[in-house]
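Shown next, in structure tokens, is the structure this report addresses.
The values are calculated or read from the model by the stated rules, or taken from the named source; none is laboratory data. Because the structure is predicted, anything quoted here is derived from the model rather than measured. Positions of Cβ are backbone-derived with ideal geometry, glycine not excepted, and every protein chain shown enters the neighbour counts. Side chains are part of the model used for accessible areas, which takes the heavy atoms of the whole protein and leaves out ligands, DNA and RNA. Shrake-Rupley method; radii C 1.70, N 1.55, O 1.52, S 1.80 Å.
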Amino acid sequence: MPPKSSATPPKESAPLRVVQAAVQSRQFAPVYYLHGDDDFLKDGALHDLLQAAIDPSTRDFNLEQRRGSDLDAESVASLLTTPPMLAERRAVVLRDVTGLKKAARVQLDKYLERPAGDTLLLLVSPAGTKADPALLHASVSLEFAPLTPERVRRWITHHATTVLQVDIADDAAQLLQQAVGNDLHLLAAELDKCASYELGMHDDIGAPHGGAPRATIGVEAVSAVVGVRRGETVTDLLDAVARHDAQAAVQLVPHVLSQPKMSAVQVVMMLGTQAFALSFGRARRDAGVPTPRLPQEYFAFLKDTGGYPGRPWGEAASAWTRATDGWSAEACARALALLLEADTALKDTRVSNEEQLLTSLVLALCATRSRRAA
């Protein structure tokens, strides 16, 4: 079974609104097509639909979960024509639906022309798979695109309060996202550890009923569980480079590289996003755009490019606005050249010391300080 869902985050996207409406009304379309690049949200929606649609007491009889590549035409026909047993509805989950062989796909397409009213068919495509036009047309399409960094921050709070039944401080949510990134699977796992840690530290806090206080995940819990302290994250490193603070940047390199799921390649990618953004900001300033308008310009830049700056877009836009006037067009061009060299070097299998390479890179980037004020 899919993992427990995080329910619907605030300001939810269209597919999550569709799922929430179906779950609340207990009214389901005969066929849903779940696709897109966020498998965590996809699995959560799948879990919610199944929990609401299928009676747990008859689940063993009325729930089939299969993979498309494992099925032949006869198996597909049997799955889709079997009636529910001792219940009003059965469910069929067909994962990797675009992996069906030709004959099996013919059977599915035939069924989709007149789907049964007592069967809930959930067609699932994995991340990285192009949506199938015929399935889009024959079903209720639920596309789960990755959340923006802003929505990930809100998701952290929502997941903690609804699924884990704990609160989380704003600065703790910020630190967690800075340390882990936007991977919802990893964030959910780390949040669960943080909640257990906080509850263990405050075992006098009861369950959230009758107005009893709830545990609150704080910065200390995130630091203890994830192994990162405030002021030592990759965004702190990015900010040090942006303000040409070589001493701070060099000191941060080993701390950042020691964090879980962090590598020199990832740091260079985020530095690259920042360098492109500063180059864009410098060009906009040179074109006469006033500094107060830069945050809006940067946000539009991130929306168009889809770059990951290591934090929510609004926070990145504010940080880059503060740094822009310290960067000339020549400095930006030099930074991009240095980052390209570092990226090439990191892809060389003979490189054995990523920390040394990254240290040299941030020193060189910090040395590009503009000699003139913008």
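Table for the structure above
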| read-out | value |
| --- | --- |
| Cα-based Lys proximity count in the chain, under 16 Å, for pairs eight or more positions apart or on separate chains | 5 |
| Between helix 294-305 and the chain: long-axis angle, C-alpha atoms, 0 to 90°, nearest 10 | 50 degrees |
| Relative contact order of the stretch 80-232, pairs being alpha-carbon contacts under 8 Å that are 6 or more residues apart, as % | 18 percent |
| Net charge of Cβ neighbours under 15 Å - reference I54; Lys, Arg +1; Asp, Glu -1 | -2 |
| Contact order relative to length of the chain, as percent, for alpha carbon pairs under 8 angstrom and 6 or more apart | 14 percent |
| Angle in degrees between helix 102-113 and the longest Cα principal axis of the chain, rounded to the nearest 10 | 70 degrees |
| Relative contact order, percent, the stretch 234-374 [alpha-carbon distance under 8 Å, six or more residues apart] | 37 percent |
| Rg(Cα) / (2.2 N^0.38 Å) computed for the chain, rounded to two decimals | 1.19 |
| Angle in degrees between helix 39-53 and the longest Cα principal axis of the chain, rounded to the nearest 10 | 30 degrees |
| Cα centre as origin, Lys/Arg/Asp/Glu Cβ charges: the chain dipole, Debye | 900 debye |
| Label-point separation, A224 to Q20 (7 Å along Cα→Cβ), nm | 3.4 nm |
| Carbon and sulfur %, accessible surface of the chain computed with the full protein complex present, 1.4 Å | 52 percent |
| Whole-number D in µm² s⁻¹ for the stretch 258-330, Kirkwood Cα-pair radius fed into Stokes-Einstein, 25 °C, 0.890 mPa s | 195 µm²/s |
